[in-house]
1. Contour minus end-to-end for A108 and S81, with contour as 0.36 nm per residue of separation and end-to-end as the Cα-Cα distance?
2. Mark the label point 7 Å from the Cα of E138 along Cα→Cβ and return the residues of the range 62-103 whose backbone N is within less than 18 Å of it.
3. Across the range 95-112, in residue order, what do the Karplus-derived ³J(HN,Hα) couplings come to in whole Hz, using 6.51 cos²θ - 1.76 cosθ + 1.60 with θ = phi - 60° and x for Gly and Pro?
4. Each residue of the range 138-151 in turn: what ³J(HN,Hα) in whole Hz from Karplus with 6.51, -1.76, 1.60 and θ = phi - 60°, glycine and Pro shown as x?
5. Within the range 75-140, how many Lys pairs sit with Cα atoms under 18 Å apart, leaving out pairs fewer than 8 places apart on the same chain?
6. If r is the Cβ-Cβ distance from Q154 to S56 and R0 is 22 Å, what FRET efficiency results, to the nearest 0.05?
7. For E35, tell me the accessible area in Å² from a 1.4 Å probe, rounded to the nearest 10.
8. Given labels modelled 7 Å from the Cα in the Cβ direction, how far is it in nm from N24 to F40?
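The values are calculated or read from the model by the stated rules, or taken from the named source; none is laboratory data. Because the structure is predicted, anything quoted here is derived from the model rather than measured. We place every Cβ from the backbone using ideal geometry, glycine too, and count neighbours over all the protein chains shown. With ligands, DNA and RNA removed, areas are computed over all heavy atoms of the protein, side chains included. Shrake-Rupley method; radii C 1.70, N 1.55, O 1.52, S 1.80 Å.
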Amino acid sequence: MTSSIKNIITMLVLVATFTSCNQNPSLQTYFVDNELKPGFTSIDIPTSLLNIEQTSLTDEQKDAYKSINKLNMLAFVLSDSNVAEYEVELNKVKDILKDPKYQELMRAGNSTDGKFVIKYIGDEDSIDELIIFGNANEKGFAIIRVLGDDMSAQKVVKLYSALDTSNINESQISQFADFFK
């Protein structure tokens, strides 16, 4: 092999190595790094826990339900003793969500009570991950990752209405549900 071919191969290997090593933190790594830390509450919810099979669903709702694999939830519970840590962690999550791969779907709330944003990875008709991030000024913040394959934003919104009539096993998620009260 000539030295110019070796140089080209070496350059390609280096480019591939640097390209594959994403230095930006992701929500997945943030979850893993913090799920067991004090101040955080986490839970993984399989879709079977939602008991939505017992509910009468439209075809679009069924499609949306089948496209969802599970939900990951992580919350930072604010207390008088962890206000500084809360600010640091809140800013970390906000910085992660600034990455252009997280596309914004919706934003709401106010500076008094709190805010939330819904973002997604993929495109609107083929979402791989839906992210709901909210912070309540007096309670802390929560991130919900809805993981699935080829989810549709429009269908997932319609599925949400079916959750009102489903018999969710709240004992399994009560610690997380209490955060939103």
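1. Working: separation 27, 0.36 × 27 = 9.72 nm, distance 2.83 nm.
Here the segment from A108 to S81 would lengthen by 6.9 nm.
2. In the range 62-103, the label zone of E138 (backbone N under 18 Å from the point 7 Å along Cα→Cβ) covers 76-83.
3. 5, 4, 6, 6, 4, x, 5, 8, 8, 7, 9, 7, 9, 7, x, 8, 6, 7
4. 9, 10, x, 9, 9, 10, 10, 9, 9, 9, x, 10, 6, 6
5. Pairs that pass both the separation and distance tests number 11.
6. Working: r = 20 Å, r/R0 = 0.89.
Step by step, r from the Cβ atoms, then E = 0.65.
7. 70
8. Roughly 2.0 nm, to one decimal.
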